[in-house]
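Visitor: First, the structure itself, so that you have it in front of you.
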Amino acid sequence: MEKIIQRIEIARQFSDTPGPRSKDEGEFSGEEFLEKLLLPAYEKSIAGGGKLLVDLDGTEGYATSFLEAAFGGLARKFPPSEVAANLVFKSEDEPYLIDEVQGYIADARKAAMAGAPR
């Protein structure tokens, strides 16, 4: 069984109406989520030798730009393969979101492998 060190419930801990990509585009952005919640929780999980569970349920929906900024952004700060291995997602409301988020992490991995700036 995976050792979950941290858990983020986006709807409860951040917003039930996640917003755009960046802070200058509006409230509850992917950039703000990355900085305030995702990055600190991820670092704590890694330091504790476990995984971070991200619960995507309970929101009114997600802009793709929010998800890419948050999870692709994390994969640009850390090795994408490490990010993929250390995040666990829950999405009973919209299960396809898990594949979508994992795709943004994989895209960051492909860019890193191709030598593109992270």
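To keep it simple, each residue is scored yes or no on (1) touching a Ser or Thr at 6+ places or on another chain (Cβ under 6 Å); (2) among the hydroxyl-bearing types (Ser, Thr, Tyr); (3) modelled with pLDDT of 95 or more; (4) farther than 17 Å from TYR104 by Cα.
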position	(1), (2), (3), (4)
GLU2	no, no, no, yes
THR17	no, yes, yes, yes
ARG21	yes, no, yes, no
GLU31	yes, no, yes, no
GLU43	no, no, yes, yes
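Visitor: Only residues in the range 46-63 that are over 14 Å from THR17 (Cβ atoms) count as the first member; pair them with residues that are aliphatic (A, V, I, L, M) and modelled with pLDDT under 95, Cβ under 7 angstrom, at least 6 apart or cross-chain, and list the lot.
Guide: Within 7 Å, the pairs are GLY48/ILE5; GLY50/ILE4; GLY50/ILE5; LYS51/ILE4; LYS51/ILE5; LEU52/ILE5; LEU53/ILE4.
Visitor: In this structure, does ARG21 turn out to be of a type in the set (Lys, Arg), touching a residue at least 40 places away in the same chain (Cβ under 8 Å) and not in a loop (DSSP other than H, G, I, E, B)?
Guide: Details: of a type in the set (Lys, Arg): yes; touching a residue at least 40 places away in the same chain (Cβ under 8 Å): yes; not in a loop (DSSP other than H, G, I, E, B): no.
The answer is no for ARG21.
Visitor: Of these, GLU100, GLU35, which one is out of contact with any Cys (no Cβ under 7 Å at 6 or more places or on another chain), among the acidic types (Asp, Glu), in a helix (DSSP H, G or I) and without any contact (Cβ under 8 Å) to a residue 24 or more places away in the chain? Break it down stepwise before answering.
Guide: On the way: GLU100 fails: without any contact (Cβ under 8 Å) to a residue 24 or more places away in the chain.
Only one candidate passes the filter, namely GLU35.
Visitor: Can you list residue pairs whose Cβ atoms sit under 6 Å apart, with the first residue in the range 74-91 being part of a strand (DSSP E or B) and the second being among the hydrophobic types (A, V, I, L, M, F, W, C)? Count only pairs 6 or more apart in sequence or on different chains.
Guide: If the second residue must be among the hydrophobic types (A, V, I, L, M, F, W, C), the pairs left are LEU87/LEU52; VAL88/LEU53; PHE89/VAL54; PHE89/ILE98.
Visitor: Looking at the range 37-54 only, could you name the residues that are under 12 Å from the mean Cα position of the chain (by Cα) and loosely packed, with under 14 Cβ neighbours inside 10 Å?
Guide: We begin by selecting, within the range 37-54, every residue under 12 Å from the mean Cα position of the chain (by Cα); these are 37-42, 52-54.
Residue satisfying the conditions is PRO40 alone.
The values are calculated or read from the model by the stated rules, or taken from the named source; none is laboratory data. Since the structure is predicted, the reported quantities are computational estimates derived from the model, not experimental observations. Using ideal geometry, Cβ is built from the backbone for each residue, glycine included, and neighbour counts are taken over all protein chains shown.
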